[in-house]
Amino acid sequence: MSMDFRRKLPTPQEVKNQYPLSEKIIRVKSERDEIIRNIFMGKEDKFVLVIGPCSADRQDAVLDYTYRLSRLQEKIKDKIFIIPRVYTNKPRTTGDGYKGMLHQPDPEKESDPYEGILATRRLHTKVIEESGLVCADEMLYPEDSRYLSDLLSYLTIGARSVENQKHRLTASGLDIPVGMKNPTSGDISVMLNSIMAAQHSHNFIFRGWDVVTSGNPMAHAILRGAVNRKGESVPNYHYDTLLEVYEQYSEKSLDNMAVIVDVNHSNSGKNYLEQISISKDIIDSCRKNNNISSLVKGLMIESYIEDGAQNIGDGVYGKSITDPCLGWDKTEKLILELADKL
């Protein structure tokens, strides 16, 4: 056989029954989800920051980081709404390397998807319980999103998944914002088609069920830059590009127009320190043009406790083991500066 069926995994409902949510978590999520919905539907003008580590590699450091965010959130709550990145799935371009907590709850040990499912649920639960913030994750495996469907408040569909039919249709059945990244080619039409699909109702097979979805009006765009034929990064956050995206978005006559700009990846040329100047540049573009201001709902920033990245096993607390991230001191300074500019 080409597949070795190792064990039958529990259903999402079985895991939810094993790790039920407290009344506090249900209340916090409901309250903050309403604010998020109002922001993406244009009823509230707070600026969103989806911010945190490239990958959530260890519970203690992630909880420390999100608690720091929660204290900072209080200072800027009138202008900025923070959604921590607690990304427990990590797509890999070649298939090699650390694939996230879902695969490896301990990065230095072998893959264990069963323990990974439990670890991701425990982590997301603790973040909300201890920080009072609600979380974002990536929809790498659409069926697995059900294990966290009562906990997540924001989902991203990555550049390599955005053309996948199952991702698009699954997004249409969610009641939280789902950000569709432009593909690595930079083709904006692909991203907009994904948004259109997610905003419509669909009937399809999901986890062995015949399901019908209602459509998700909060499906939106994430600009993450592109890669040209020479493998060079091509940014798509500049003023002129944002105007072009606004025009193409308008032509699609979608239910809702919204963009989050990912200031790392190909927009920064994977130079994590460039996130600082790029973030400020986007705020300046919003201040110059009302159409851009109405379109851009926020930024996505990769940040952790320590600057840069390390190899698995180096043991530096709060330092990324995947893409390099801004350290906490730079992050705190940047967020306060962005709040002053808004």
Given the criterion within 20 Å of Met191 (Cβ to Cβ), of a type in the set (Asp, Glu) and touching a residue at least 40 places away in the same chain (Cβ under 8 Å), identify the matching residue among Asp284, Asp255. Asp255
Among the listed residues Thr66, Thr88, identify the single one that is closer than 23 Å to Asp329 by Cα, surrounded by 16 or more Cβ atoms within 10 Å (Cβ to Cβ) and hydroxyl-bearing (Ser, Thr, Tyr). Thr66
Which of (1) modelled with pLDDT of 95 or more; (2) over 24 Å from Ala159 (Cα atoms) is the odd one out, the single condition Thr88 does not satisfy? (2)
With Ser201, Ser194, Ser185, Ser250 as the choices, which residue is surrounded by fewer than 19 Cβ atoms within 10 Å (Cβ to Cβ), outside any loop (DSSP other than H, G, I, E, B) and either among the polar types (S, T, N, Q) or touching a helix residue (DSSP H, G or I) at 6+ places or on another chain (Cβ under 8 Å) (or both)? Ser250
Quick check on the stretch 126-142: of everything there that is over 17 Å from the mean Cα position of the chain (by Cα) and not small (Gly, Ala, Ser), which residue is nearest to Met101 (Cα to Cα)? Lys126
With (1) touching a helix residue (DSSP H, G or I) at 6+ places or on another chain (Cβ under 9 Å); (2) modelled with pLDDT under 95; (3) of a type in the set (D, E, K, R) as the list, and Asp150 as the residue in question, which single condition is left unmet? (2)
Complete set of residues in the stretch 325-342 that are crowded, with 21+ Cβ neighbours inside 10 Å and either assigned to a loop (DSSP other than H, G, I, E, B) or touching a Cys at 6+ places or on another chain (Cβ under 9 Å) (or both): Cys325, Thr331
Criterion first (touching a His at 6+ places or on another chain (Cβ under 8 Å) and either among the polar types (S, T, N, Q) or assigned to a loop (DSSP other than H, G, I, E, B) (or both)) does Gly173 satisfy it? yes
Under 7 Å between Cβ atoms, which residue pairs at least 6 apart in sequence (or on different chains) link something in the stretch 29-45 that is at negative phi with a partner that is β-branched (Val, Ile, Thr) and part of a helix (DSSP H, G or I)? Lys29/Ile128; Glu44/Ile35
Condition test on Asn267, is it farther than 22 Å from Thr66 by Cα, modelled with pLDDT of 95 or more, within 20 Å of the chain's Cα centre (by Cα) and assigned to a helix (DSSP H, G or I)? yes
If I ask for residues that are closer than 17 Å to Gly116 by Cα and without any contact (Cβ under 8 Å) to a residue 12 or more places away in the chain, which ones from the stretch 61-91 would you list? none
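The values are calculated or read from the model by the stated rules, or taken from the named source; none is laboratory data. None of the values given here were measured: they were computed from a predicted structure. With ideal geometry, Cβ positions are generated from the backbone for all residues, glycine too; neighbour counts draw on all protein chains shown.
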